[in-house]
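Peer 1: Structure below; questions to follow.
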Amino acid sequence: MAARFDGIDFYDVDSLLSEEERMVRDTIRDWVEDRVMPIIGDAYTERRFPTELIPEIGELGMLGANLPAEYSCAELNNVCYGLIMQELERGDSGVRSFVSVQGALVMYPIYAFGSEEHRRTWLPALASGEKIGCFGLTEPDYGSNPAGMITRARETSDGWVLNGTKMWITNGSMADVAVIWAQTAEPGNARGIRGFVVPTDTPGFSARDQKGKLSLLASDTSEIVLEDVHLPVDALMPETSGIKNPLMCLTQARYGISWGAVGAAMGCFHEAVDYAGQRIMFDGVIAGKQIQQVRIADMLTSITQGQLLCLRLGRLKDQGTMTPQQVSLAKRANVNMACDIAREARRLLGANGILAEYSAMRHMANLESVYTYEGTHDVHSLILGQTVTGISAF
């Protein structure tokens, strides 16, 4: 049996955290150990999101955790929020994705761009988990270039009519409300993109599960179809005024992913070290073999770098000085790091590494999706290249 996880802190990062930050981290860490780890392997192989965890997720204040208490949110700082994402993804990327989408991509835009009525109506119910939300930006032909979206919002005498299709939508099939982004002007006009709060029981709104996934199996992923969805005037989020608004939401989500990837890497590392200390081969544990010690040293180094990168980014976010480009660097670096560690952990485990009772291959498959979503690795590379050179390669 694997040892209970007690963290990886080679550079004493704990000493850089406040008492509240450590308490939040430890609370979620214990919850993941007690409630997520015993069931996540089965949920993954059964291809289902463990919805039974949602009330507990809400009760522990994980949903919209860095939003104001005025709207029944925990109002934690951004380092606390990041640590929550870290611990959740140590369990599974699908669990972190659920919380990340609900908080950063649904609750954040309602808070930042919605009306006060939107906030009062939706945020408390979303914070408790009583209601579930999804974020409709990506389309079948417009992923890395969301400004090209073809979903259309046509203004009428008494509101709006939406038509279009959204793809790869986390929480889509179980959502009660969707934040939908649509073009209100001529195609290709980035300034014409506006956001709408759409109850999913509105006639013409439908969602169907994405079939054939080989990653994020313990996550709800859907296609959304909008067919003459009639909305009242006040469905429009009044502070939305172009593509910059959904991109601001993505920055919030990418920040959490930067932390979450570290958690996935930590989970793989812990499993690999624990396994190496028990697996006997050639009259000794494989932890005593040079090749495995090099693997373990490389993993430890990369995780420590990722932890320090996230903590600095979180402090910048709490100071209000964080830039989207800094988030791109962290998302790109830490997800790539976690992909490498998951692969090496799987290899250290040998044939056992492909079994669902171990986490390495599950993390490895999940992280391939995380590598792509919320801005692909290559797009973040171009963002950083443009930042350094001043020349756009898009």
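Peer 1: I'd like to check something: does segment 370-391 contain any residue that is in contact with a Cys (Cβ under 7 Å, 6 or more places away or on another chain), surrounded by 16 or more Cβ atoms within 10 Å (Cβ to Cβ) and farther than 21 Å from Gln292 by Cα?
Peer 2: The answer is yes, given that some residue of segment 370-391 is in contact with a Cys (Cβ under 7 Å, 6 or more places away or on another chain), surrounded by 16 or more Cβ atoms within 10 Å (Cβ to Cβ) and farther than 21 Å from Gln292 by Cα.
Peer 1: Kindly evaluate Pro38 against the criterion of being open to solvent by 10 Å² or more (accessible area, probe 1.4 Å) and either in contact (Cβ under 8 Å) with a residue 12 or more places away in the chain or among the hydroxyl-bearing types (Ser, Thr, Tyr) (or both).
Peer 2: Judged against the criteria, Pro38 is not a match.
Residues are listed down the side, and each one gets a yes or a no for (1) out of contact with any Lys or Arg (no Cβ under 9 Å at 6 or more places or on another chain); (2) open to solvent by less than 30 Å² (accessible area, probe 1.4 Å); (3) modelled with pLDDT under 95:
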site: Phe196; (1), (2), (3): yes, yes, no
site: Ile224; (1), (2), (3): no, yes, no
site: Asp228; (1), (2), (3): yes, no, no
site: Leu231; (1), (2), (3): yes, yes, no
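Peer 1: Can you give me the number of residues within segment 146-175 that are of a type outside the set (Ser, Thr, Tyr), outside any strand (DSSP E or B), free of Cβ contacts under 8 Å to residues at least 60 places away in the same chain and surrounded by fewer than 16 Cβ atoms within 10 Å (Cβ to Cβ)?
Peer 2: So the answer is 2.
Peer 1: Continuing with the same structure: Looking at Ile383 and the list (1) part of a helix (DSSP H, G or I); (2) touching a Leu at 6+ places or on another chain (Cβ under 7 Å), which single condition is not satisfied?
Peer 2: For Ile383, the failing item is (2).
Peer 1: Applying the selection to segment 128-145, what residues are in contact with a helix residue (DSSP H, G or I) (Cβ under 6 Å, 6 or more places away or on another chain) and assigned to a loop (DSSP other than H, G, I, E, B)?
Peer 2: Gly129, Lys131, Ile132, Leu137, Ser144
Peer 1: So the check is Cβ under 9 Å with 6+ separation or different chains; which pairs have a first residue in segment 239-267 that's free of Cβ contacts under 8 Å to residues at least 60 places away in the same chain and within 17 Å of Ile383 (Cα to Cα) and a second one that's open to solvent by 20 Å² or more (accessible area, probe 1.4 Å) and among the charged types (D, E, K, R)?
Peer 2: Within 9 Å, the pairs are Lys244/Arg191.
Peer 1: Which one is most open to solvent (accessible area, probe 1.4 Å), of the residues in segment 280-305 that are among the charged types (D, E, K, R) and free of Cβ contacts under 8 Å to residues at least 12 places away in the same chain?
Peer 2: By that ranking, first place goes to Asp283.
Peer 1: Go through segment 349-369 and count every residue that is open to solvent by less than 10 Å² (accessible area, probe 1.4 Å) and not in a loop (DSSP other than H, G, I, E, B).
Peer 2: Number of matching residues: 5.
Peer 1: Take Phe98 and decide whether it is part of a helix (DSSP H, G or I), among the aromatic types (Phe, Trp, Tyr) and either surrounded by 23 or more Cβ atoms within 10 Å (Cβ to Cβ) or modelled with pLDDT under 95 (or both).
Peer 2: Yes: the conditions hold for Phe98.
The values are calculated or read from the model by the stated rules, or taken from the named source; none is laboratory data. Just so it is clear, the structure is predicted and the values come from calculations on it, not from any experiment. Don't worry about glycine lacking a Cβ; one is built from the backbone with ideal geometry, like all the others, and counts go over all protein chains shown. All accessible areas refer to the heavy atoms of the entire protein, side chains included, with ligands and DNA or RNA removed. Shrake-Rupley method; radii C 1.70, N 1.55, O 1.52, S 1.80 Å.
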